[in-house]
Amino acid sequence: MRLTKFFLPTLKDDPVDAVTASHKLMIRAGMIRQLTSGVYSSLPFGLIVFRKVENIIREEMNAIGGNEFLLPAISPAELWAETGRLEDYGDLMFRIKNRELVLCPTHEEVFTSIAKPNLISYKDLPQVWYQIQSKFRNEERPRAGVLRGRQFTMKDAYSFDSSWEALDRSYNDMAKAYRNIFTRCGLDFTVVSAHSGAMGGSDSEEFMVPAGAGEDNIVISEDGSYASNLEVAVSYKEKVDRKNSDLAAEEFHTPDIKTIDELADFTGTKDKSHLAKSRVFVNAGKDGNEYVLTLVCGDDEVNEMKLQNYFGINIRSAHNEELMEITGADAGSIGPVGLKNKNIRIIADLLLEDADELVSGANKNDYHLKNIDLKRDVKGIEYKDLRIVKEGEETSDRKSKIKITRAIEVGHIFKLGTKYAESLGATFLDAEGKENPVIMGSYGIGVERTAASYIEQNNDDKGIIWKGELAPFKVILISLGGKSDEVKNISEELYGQLSNEKKIETLYDDREGVRPGVKFNDADLIGIPVQLIIGEKNLKEGNVEIKKRRTGERFIIRKEDALNKVMELIKD
RNA sequence: CGGAGCGUAGCGUAGCCCGGUAUCGCGCCAGUUUUGGGAACUGGAGGCCGCAGGUUCGAAUCCUGCCGUUCCGACCA
């Protein structure tokens, strides 16, 4: 491609609205432009990269027997009402105003609607179906360029199986394909166990790219044997010890003490594990509200995602006005003993199992209780894993320690089970002639997000650094023309040889009247791996120069050897 | 949704407090010189100062409302 014909609007300065490296660089390198919040146009240079990602995905999906579809981006709202997701997604789904249609945020329903009348016998299964399609989500806060947008390209795949064992096989094939995809994309990634979110389902793994710009926190053990999303992570920690002193619970005055830290200071306690922290949650259900009081050690926090896993996505923190009504006190004086509403479920973290001599709120403003014995004083108490794990804790097997890192989720695979098949009536007849719901898996990859993640991991102060399969061009031929016809002739000759004979994706900076510095800086910014530089100075000696973008290494070589050297270097 | 900020030429900005018809840099166009790491000079084009209303002789500037957008948080896959 000749740069004089290629639309590549590069920017010298960072756009003021961009904060993360990939966002800045994708705009500066002329890959994307924003149309409105969370919505980006793909410019030619960006589109080349996105297509590379798509093609890698396509090849790996086809390799495991995937069938490519292209489904509509709009669908009837009714289809979503049937699975209950019209409500579940709520405002996250774009709705069309003048027709009962929605913009699809994902495609389980639509794929299932095709599966239903066509996958009717166990002989029709298994199937893997996928598409690469624009998705629309009315994100409340889009951020970091294409990392979280309102419109984005997603590869979504679905497996249809006749047994849970077969689903395991489909899932494992997919997991392997995902590893291939992200490896081929040149990403440093890690696979973590995850929460399957609003989609429902059981086993679930996320493909995570460690990067500061990420929105997720992931937990990785130092020995690499454990990896998990912080939302579901567990660790090993000693339980709070039981003292068996059988001291009577006793109320004491704690004026203006609202937080655990204040309580620790007030009581002169250094170890906050016996200062039990209470929080009240409301689980809004069809039959009215269920109230849940959680109890964790004073130095721990409740992991709300774990609560969602136990209670469903509708559980929420109680509002301040509700607290008084439920407990009899305001936040800061709430505890498990003496609650105003007796129909409240009390769930304590596993670390607090049968603990005694605890201090917690007395459900009376400005009072706390000490010597609470959970075994003795709290009837019907349940114990569950509730806490958020912390950096430096031991892994569950006690063989390693955990680290917490920010990461970008580029892919997610999970076993859906029969949720959509059941609600939409997609069944098949098994060998005995019995009707069963199709067992599904669901698998997604964010295309632009994958490219952005690559850039997050591969850039320097000059710009992007491409390598391997994602590189939009393998070589940039920089002609420092000036008045020299010879430079121009040699450049044209080499360009022809590279692009026509060797079939190498070559970008040819054939701009005239552009100073060398501008060309060098543009080349570094857009990050093509190998720069072949033709200038008058070297050419006088019969030489050309080659620079590797990543390392900055330079080679001055005979012009006759240029082609071979380029071919050698692009293999890296 | 809560908090904070921003909106002036393609991009980045000054001016706003204290009202008088918009500053500077980059980029763009023409010309001359230049040509290996974002050139110099000369000349030029380009603006409903986010929108609407109000105050005023007069509004980029003050007031009200709205819209857009960014960041933090909440929410979300």
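The values are calculated or read from the model by the stated rules, or taken from the named source; none is laboratory data. Remember, it's a predicted structure, so these values are computed and weren't measured experimentally. Quick reminder, even Gly has a Cβ in these numbers, built from the backbone with ideal geometry, and neighbours come from all protein chains shown. Note: accessible area is taken over every heavy atom of the protein model, side chains too, but ligands, DNA and RNA are not part of it. Shrake-Rupley method; radii C 1.70, N 1.55, O 1.52, S 1.80 Å.
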Which is part of a helix (DSSP H, G or I) and open to solvent by less than 30 Å² (accessible area, probe 1.4 Å), of A:GLU87, A:GLU54? A:GLU54
Listing of strands (runs of 3 or more DSSP E) fully contained in segment A:394-443 that carry 3 or more residues being touching a helix residue (DSSP H, G or I) at 6+ places or on another chain (Cβ under 8 Å): A:402-417, A:427-429
Taking the condition of being of a type in the set (Val, Ile, Thr), surrounded by fewer than 19 Cβ atoms within 10 Å (Cβ to Cβ) and near RNA strand B (Cβ under 10 Å from one of its atoms), how many residues in segment A:540-560 meet it? 1
Of all residues in segment A:242-258 being more than 47 Å from the chain's Cα centre (by Cα) and in a loop (DSSP other than H, G, I, E, B), the one that is surrounded by the most Cβ atoms within 10 Å (Cβ to Cβ): A:LEU247
Scan segment A:489-507 and tell me whether some residue there is within 14 Å of RNA strand B (Cβ to nearest atom), more than 30 Å from A:ALA115 (Cα to Cα), in contact with an Asp or Glu (Cβ under 6 Å, 6 or more places away or on another chain) and in contact (Cβ under 8 Å) with a residue 12 or more places away in the chain. no
Odd one out for A:PRO72 among (1) away from RNA strand B (no atom under 16 Å from the Cβ); (2) without any contact (Cβ under 8 Å) to a residue 24 or more places away in the chain; (3) of a type outside the set (A, V, I, L, M, F, W, C): (2)
Just to be sure I understand, how many residues within segment A:516-539 are open to solvent by 10 Å² or more (accessible area, probe 1.4 Å) and more than 9 Å from RNA strand B (Cβ to nearest atom)? 1
Go through (1) open to solvent by less than 30 Å² (accessible area, probe 1.4 Å); (2) within 16 Å of RNA strand B (Cβ to nearest atom) and name the single condition A:SER278 misses. (2)
I'm told A:ILE132 meets every condition in (1) in a strand (DSSP E or B); (2) touching a residue at least 40 places away in the same chain (Cβ under 8 Å); (3) over 19 Å from the mean Cα position of the chain (by Cα) except one. Can you identify the failing condition by its number? (3)
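Let's see how each residue does on (1) open to solvent by 20 Å² or more (accessible area, probe 1.4 Å); (2) outside the structural domain of A:SER221 (by TED's automatic domain parsing); (3) within 14 Å of RNA strand B (Cβ to nearest atom); (4) of a type outside the set (Ser, Thr, Tyr):
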{"residue": "A:PRO142", "(1), (2), (3), (4)": "yes, no, yes, yes"}
{"residue": "A:PHE152", "(1), (2), (3), (4)": "yes, no, yes, yes"}
{"residue": "A:SER162", "(1), (2), (3), (4)": "yes, no, no, no"}
{"residue": "A:TYR171", "(1), (2), (3), (4)": "no, no, no, no"}
{"residue": "A:LYS176", "(1), (2), (3), (4)": "yes, no, no, yes"}
{"residue": "A:ASN180", "(1), (2), (3), (4)": "yes, no, no, yes"}
Only residues in segment A:112-126 that are assigned by TED's automatic domain parsing to the domain that holds A:TYR420 count as the first member; pair them with residues that are assigned to a helix (DSSP H, G or I) and among the aliphatic types (A, V, I, L, M), Cβ under 8 angstrom, at least 6 apart or cross-chain, and list the lot. A:THR112/A:ALA421; A:THR112/A:LEU424; A:SER113/A:LEU79; A:SER113/A:LEU424; A:ALA115/A:ALA421; A:LYS116/A:LEU424; A:LEU125/A:ALA166; A:PRO126/A:ALA166
Among the candidates A:GLU321, A:GLU304, which residue alone is at pLDDT 75 or above and either of a type outside the set (Lys, Arg) or assigned by TED's automatic domain parsing to the domain that holds A:ASP366 (or both)? A:GLU304
